[in-house]
Amino acid sequence: MNQTAVQASVWQQRSYRWILFGQLISELGASLGTLANSWLIYQATGSQGAVGQMWLLYFLPSLAIQLVAGPYIDRFDKKRVMIFSQWMRAAAFCLSFAIITSGTESLWPLYFTALINGLVQPLYVPASQSLLPALVKREQLLQANAYLDSVLRIALITGPPLAGILVASIGGESVLALVAISYALSGFFLVLCPIAPADTVNKKQSWFVMFKAGLAIFWQKPLLLWLGLYSALVQFAVGVTLVLNLPFVAGELQGTSFHVGLFLAGYPLGYFFGSLLVPRFRSSFGQPLIMLGSLVVGGLSFVAIGFTHEIWLAITIELLAGLFAPFFQVHSTSLYQLHVPSELMGRVLSVRLLIVRATMPVGIWLGGQLSDQVGMRPLYISVGAVIVLASLAGVLFRKFVNNRIFHI
């Protein structure tokens, strides 16, 4: 089947179209909700620590649910899991909107919304990823995944600036209502999606046995563990800057909510274009240097932000950081797919995701604790310097660069 025929047949799948449109609305709603929640909390408290607490309420439950529920997600109907997740989020944002607009000065509804998001996200993501093979044919999977990934990037690019405009024009409280509507619509599209209930898996293996099998691969192929640790280091830095980005742009750089949105959109926009360039640099000999070089650039971007005093320069730096990021992330994921047995892929990737995401709450906590004490600029510079030094150490460590995994 040629490429044009594959594309046409993918779009002919009614179920796939509903999933795609629902995903677009859901991701746009997520972008709106993230900025609106952060803006309302920072506007009310003026504290980076308060914003950090919101992110901790999202990531810590998310991490716990992911650890416990990951091996068992196949035991439930994926469509119902996704509908439940979307409508739970819609209800949380609706409740938050109702309480905030009633005149109360309490911020607990915003934190409650973050908590609900953290609880359902680890259910929604694996369910949506594993549902796709039931919607399209095997030869259509690559194209179908590409469209879904494009939808995610479009939402990440357009969502933050749109959220900034809406917060400035109608207020953060009203944006909460729009987010609730977006999640409700996404769930409704899933209801319309004609998917036959799949047979649920009822394996007798315990959670510990399944988790241990995934963990064993890292001892057999240590380089995969090192790749996971590098990703974890990056996520730690991202956790620190999640607390800093909004107050840095709005405070240090004197930006508006629209500028905050543009700043947050810079990285995914760069990532989108960078992912198109990755296939052009596929030399096996240079793969480890390309990967570590992209991390060096990413670390330098944090350092550069720490010295920046112009808002448009900061946005440009974020754009460039996103442009180089896929050169590590895409290659790293491909190495896992090439060297992990297919029957263990899900478990190994779950362990990898756990390693990567476990460091983000630490970064969020540290950013919230230290930003008021040492300042935001020193934190940007420090986390960037750590990434640069760790990446250069990998370049100098010849056993890493010359590992045979890179040359298969």
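Where a number appears in this text, it was derived from the coordinates with a stated rule and is not lab data. Computed from a predicted structure; not experimentally measured. Here the Cβ positions follow ideal geometry from the backbone for every residue, glycine too, while neighbour counts run over all protein chains shown.
Worth a mention:
- Phi angles across segment 114-123 convert, under the Karplus curve 6.51 cos²θ - 1.76 cosθ + 1.60 with θ = phi - 60°, into 3J(HN,Hα) values of 4, 4, 4, 4, x, 6, 9, 4, x, 8 Hz, Gly and Pro given as x.
- In order through segment 250-266: 3J(HN,Hα) via Karplus (6.51 cos²θ - 1.76 cosθ + 1.60), integer Hz, x for Gly, Pro: 6, x, 4, 9, 6, x, 9, 4, 5, 5, 4, x, 5, 4, 5, 7, x
- Residues in segment 354-367 carry Karplus couplings, in order, of 5, 4, 5, 7, 5, 7, 5, x, 5, x, 4, 4, 5, x Hz; the curve used is 6.51 cos²θ - 1.76 cosθ + 1.60 with θ = phi - 60°, and Gly or Pro positions show x.
- Order by protection proxy (mean Cβ within 10 Å, highest first), peptides 55-64, 365-374: 55-64, 365-374
- Scattering from segment 219-284 was approximated by placing one identical point on each alpha carbon and applying the Debye formula without solvent; log10 I(q)/I(0) at 0.13, 0.14, 0.28 1/Å stands at -0.59, -0.66, -1.11.
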